[in-house]
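Comments concern the structure below.
The values are calculated or read from the model by the stated rules, or taken from the named source; none is laboratory data. Bear in mind that the values here come from a model prediction, so they are computed numbers and not experimental data. Reconstructed Cβ throughout: ideal geometry from the backbone, glycine too, with neighbour counts over all protein chains shown. We work out accessible area using only protein heavy atoms, side chains counted, and drop any ligands, DNA or RNA first. Shrake-Rupley method; radii C 1.70, N 1.55, O 1.52, S 1.80 Å.
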Amino acid sequence: QVQLVESGGGLVQPGGSLRLSCAASGSIFSTAVMGWYRQAPGKQRELVAAITRGGSINYADSVKDRFTISRDNAKNTVYLQMNSLKPEDTAVYYCYAGTVLPQYWGQGTQVTVSS
């Protein structure tokens, strides 16, 4: 079992920045891959970014060059630095962990980009 605790969401103006954090506890084996999905109202949940324990990274095209994912393996924590935020980035952001596909999910944190 893995428990994921997220923090860092909130309200920000367009062009602003936010940093999300997600701390995992439990089975380290099950945190080989960690990352973030998001779900906007009326839309399907979509992958934002993912990172393996070895440092391989994958981004959605819509966030490349604006978002940066990183992780601290010693702390079993993953971060998402979000810069140049746009209104279309507004969504609930969910942290996940798994061996390949998502197996465990955080509770979600709201990110709202609005003036």
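Exactly one residue out of THR90, THR31, THR52 is open to solvent by less than 60 Å² (accessible area, probe 1.4 Å) and either within 12 Å of the chain's Cα centre (by Cα) or closer than 21 Å to THR112 by Cβ (or both), and it is THR90. Within this structure, SER84 passes the test of being open to solvent by 40 Å² or more (accessible area, probe 1.4 Å) and either touching a helix residue (DSSP H, G or I) at 6+ places or on another chain (Cβ under 7 Å) or in contact (Cβ under 8 Å) with a residue 60 or more places away in the chain (or both). Considering only residues in segment 12-28 that are over 17 Å from SER70 (Cβ atoms) and not hydroxyl-bearing (Ser, Thr, Tyr), the one that is most open to solvent (accessible area, probe 1.4 Å) turns out to be GLN13. Listed by position, the strands (runs of 3 or more DSSP E) enclosed by segment 1-75 that each have at least 3 residues that are under 16 Å from ALA91 (Cβ atoms) are 10-12, 18-26, 33-39, 46-52.
When GLU88 is tested against (1) part of a helix (DSSP H, G or I); (2) closer than 18 Å to VAL2 by Cβ, exactly one condition is not met: (2).
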